[in-house]
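Reviewing the structure listed below.
The values are calculated or read from the model by the stated rules, or taken from the named source; none is laboratory data. What you see is a predicted model, and the numbers here were worked out from it, not measured in a lab. Ideal geometry is used to build each Cβ from the backbone, glycine not excepted, and the neighbour counts take in all protein chains shown.
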Amino acid sequence: MANDTATATPDIAIAATSARDENLEALTRGIWRENPVFVMLLGNCPTLAVTNSVINSLAMGLATTFVLVMSCMIVAMIRDFVPKEVRIACYILVIATFVTIVDYLLQAISFDVHRALGAFISLIVVNCIILGRAEAFASKNSVLKSSLDALGFGIGFTLACLFMGVVREVIGAGSFAGIPLFGPDFAGWSIMILPGGAFFVLGSWLLLFNWLAARRKRRPA
Amino acid sequence: MNSNPHNLVLSTSPFLKRPVDTPLIMRHVIYSLAPVALAAIWFFGVSALLLILTCIGGCMASEMLFEGKVPFRQRTVTDGSAALTGLLLALTLPPGLPLWMALVGSLAAIVVGKIIFGGLGQNVFNPSLTGRAFLQGCFPVPLTTWAAPGGLTDFFTLRGDTFALPFTNPEFDALSAATPLAKMKFDAAGTPLADLFFGNVSGSLGETSALLILLGGAYLAWCRFLNWRIPAGIFITIFAFATILHLANPERFPDGFFHLLSGGLMLGAVYMATDPVTSPVTPRGSWIFASGLGILVVSIREFGGLAEGVMYSILFMNACTPLIDRFTQPRTYGELNTENEPGESRG
């Protein structure tokens, strides 16, 4: 614990005023300011592939959050015992363990959602957000801070998936989480459910986020 | 400047200028399309007229709404490019399409097809085909429901649910008919070539009369507003490829003339593949572009799941255009061929 500050990432070191602020910062950073999907553009594969409905997006987001938090916790616990040369292999092993747990859990909870997400549940193993947080943060920080950081990024990813899923389902199928919104005559824009629509929606969200960021920069707070 | 004793005007070439600018070219292209549009109105009545007006209006309104958003480009709505995009988009749509869907397509054509790339001259894909592809992705069923052609007598008969409420599905009636390509693909039934040539077939607005499109294209080529190599290359490739297939198996494959005259090929080859922004600039590149397009069209029609493949072929070749341009740059006079020299990279 004592040498945490020595190895911490620079942006944390600068922002550090007290331990509590630091923890809060670790938690909130991933939700909005460094949102993994809309700001860092990580983990685009599941974001584009399975967000064609609200339920699928939520399931994907929660599954990833669970794996992210648990893996980062374990990685932070074992960070002093893992030799540098084999650390990535160790991280993958830890992540794969939790992905397997999520895989079976989801099968037990809702087999339909599991089928809809298909291979993308197993592919959480190679999601860059998880490996990125494990390598960049959890391997250098305390267990508490790593879990808070992972939780923040998990929430950020879930929110991003939901942003995508809500737009795609409402426009594409005229429903929200399977509940029809506009009556039976509504003509769904089926491209939004198809893979092509994912790119349109992600692009539009990125446009909005970049526009907001540019406006914030122009107008000094 | 004052050291010039003879009041000579010094300037660089070009010295002879024609008053040709974007609005003029756009106007001429629209004039040359007028007969095609009139033929569409003749065959499909008031539905076609409303569809054309909606698309032109929708495209111009979208352009006006977003033109200021592109840096350094103000007031581009008056140059006619948006109107042309709208007209071409309308000509690719089935006559019975609800007007609100046409508006969605116009918006997609201008915003997704043109504005987000930086406006006219910067777009990668042909805007009107982008709009149509977007519509095809959104509403596949209304986009493939075709009305049978008629004459002036039923001018006021709607060819579909033209006035469907926005965001609702149109209702289909019994007027629908299969296009010649769909007939060939799914029922193996041919269509008389004369009908294809003069336009008495069902299909999208501009899919009808091959003759009028060829005349318009010839006029544009004569004015030098159109790169004749591209349509010529497309026709030659398609005819050759289709004829080879036909000779190999006359039962399964229709002959070359059928491929040339049916579907959106004429409109696509003459007016969309030749879009100067999205097609190669070098002559050699034009031939490569055209032959690639021709091979794709016949392949999609004969071996793909869709009846018609002109739209996707053109969009695909649009994507290849920068690459083609890059590899067909002419060598500057006097430049040495360094390709075979060791240790030299052409980066």
Can you tell me which residue among A:ALA116, A:ALA96, A:ALA76, A:ALA134 is assigned to a helix (DSSP H, G or I) and in contact with a Cys (Cβ under 7 Å, 6 or more places away or on another chain)? A:ALA134
Residue under question is B:THR274, and the condition is that it be out of contact with any Asp or Glu (no Cβ under 8 Å at 6 or more places or on another chain), part of a loop (DSSP other than H, G, I, E, B) and more than 16 Å from B:ILE238 (Cβ to Cβ); does it hold? no
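If you go through the range A:92-128 one residue at a time, how many are of a type outside the set (Val, Ile, Thr) and more than 25 Å from A:ILE74 (Cα to Cα)?
Applying the first criterion (of a type outside the set (Val, Ile, Thr)) to the range A:92-128 yields A:93, A:96, A:98, A:103-108, A:110-112, A:114-120, A:122-123, A:127-128.
Of the ones still in play, those that are also more than 25 Å from A:ILE74 (Cα to Cα) are A:110-112, A:114-118.
Here the count works out to 8.
Of all the residues that make up the range B:97-114, how many are within 22 Å of A:LEU207 (Cα to Cα) and more than 18 Å from the chain's Cα centre (by Cα)?
1
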If we keep only residues of the range A:61-81 that are free of Cβ contacts under 8 Å to residues at least 40 places away in the same chain and of a type in the set (Val, Ile, Thr), then the residue surrounded by the fewest Cβ atoms within 10 Å (Cβ to Cβ) is A:ILE78
All but one of (1) modelled with pLDDT of 85 or more; (2) exposed (fewer than 13 other Cβ atoms within 10 Å of the Cβ) hold for A:PHE163, so report the exception by its number. (2)
Quick one: A:TRP32 ticks every box in (1) touching a Ser or Thr at 6+ places or on another chain (Cβ under 6 Å); (2) within 15 Å of A:ILE129 (Cα to Cα) except a single one, so which number is it? (1)
Picked from the range B:110-151 (must be within 12 Å of chain A (Cβ to nearest Cβ) and in a loop (DSSP other than H, G, I, E, B)), the residue surrounded by the fewest Cβ atoms within 10 Å (Cβ to Cβ) is B:VAL112
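Any residue that is outside any loop (DSSP other than H, G, I, E, B), surrounded by fewer than 20 Cβ atoms within 10 Å (Cβ to Cβ) and either in contact with a Phe, Trp or Tyr (Cβ under 7 Å, 6 or more places away or on another chain) or within 14 Å of chain A (Cβ to nearest Cβ) (or both) - is there at least one of those in the range B:152-165? Talk me through it step by step, then tell me what you get.
Restricting attention to the range B:152-165, the residues satisfying the condition of being outside any loop (DSSP other than H, G, I, E, B) are B:152-154.
If we keep only those that are surrounded by fewer than 20 Cβ atoms within 10 Å (Cβ to Cβ) as well, we get B:152-154.
Imposing the further condition that a residue be either in contact with a Phe, Trp or Tyr (Cβ under 7 Å, 6 or more places away or on another chain) or within 14 Å of chain A (Cβ to nearest Cβ) (or both) reduces the set to B:152.
Scanning the range B:152-165 turns up at least one residue that is outside any loop (DSSP other than H, G, I, E, B), surrounded by fewer than 20 Cβ atoms within 10 Å (Cβ to Cβ) and either in contact with a Phe, Trp or Tyr (Cβ under 7 Å, 6 or more places away or on another chain) or within 14 Å of chain A (Cβ to nearest Cβ) (or both).
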Exactly one of (1) surrounded by 23 or more Cβ atoms within 10 Å (Cβ to Cβ); (2) at pLDDT 90 or above; (3) among the acidic types (Asp, Glu) is unmet by B:GLU308. Its number? (2)
A:PHE186 - would you say it is surrounded by fewer than 21 Cβ atoms within 10 Å (Cβ to Cβ), within 14 Å of another protein chain (Cβ to nearest Cβ) and more than 19 Å from A:THR65 (Cβ to Cβ)? yes
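Of the residues that make up the range A:146-157, is at least one part of a helix (DSSP H, G or I), within 14 Å of another protein chain (Cβ to nearest Cβ) and within 19 Å of the chain's Cα centre (by Cα)? Step through it out loud before you land on a result.
Keep residues of the range A:146-157 that are part of a helix (DSSP H, G or I), which gives A:146-157.
Narrowing the set further to residues that are within 14 Å of another protein chain (Cβ to nearest Cβ) leaves none.
No, the range A:146-157 contains no residue that is part of a helix (DSSP H, G or I), within 14 Å of another protein chain (Cβ to nearest Cβ) and within 19 Å of the chain's Cα centre (by Cα).
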Just need a number here: residues in the range B:256-295 that are surrounded by fewer than 18 Cβ atoms within 10 Å (Cβ to Cβ) and within 24 Å of B:TRP146 (Cα to Cα). 1
Qualifying position, being farther than 24 Å from A:VAL39 by Cβ, of a type in the set (D, E, K, R) and touching a residue at least 24 places away in the same chain (Cβ under 8 Å), among A:ARG87, A:ARG115: A:ARG87
Is it true that B:ALA242 is out of contact with any His (no Cβ under 7 Å at 6 or more places or on another chain) and not polar (S, T, N, Q)? no
Which of (1) surrounded by fewer than 18 Cβ atoms within 10 Å (Cβ to Cβ); (2) of a type in the set (A, V, I, L, M, F, W, C); (3) farther than 24 Å from B:ALA37 by Cα does B:CYS223 not meet, given it meets every other one? (3)
Would you point out the residue of the range A:189-200, among those that are more than 7 Å from chain B (Cβ to nearest Cβ) and in contact with a Gly (Cβ under 9 Å, 6 or more places away or on another chain), that is farthest from B:ASN169 (Cα to Cα)? A:GLY197
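For the range A:158-180, which positions are assigned to a loop (DSSP other than H, G, I, E, B) and more than 11 Å from chain B (Cβ to nearest Cβ)?
At the first step, the residues of the range A:158-180 found to be assigned to a loop (DSSP other than H, G, I, E, B) are A:174, A:177-178.
Within the range A:158-180, A:ALA177, A:GLY178 meet the criteria.
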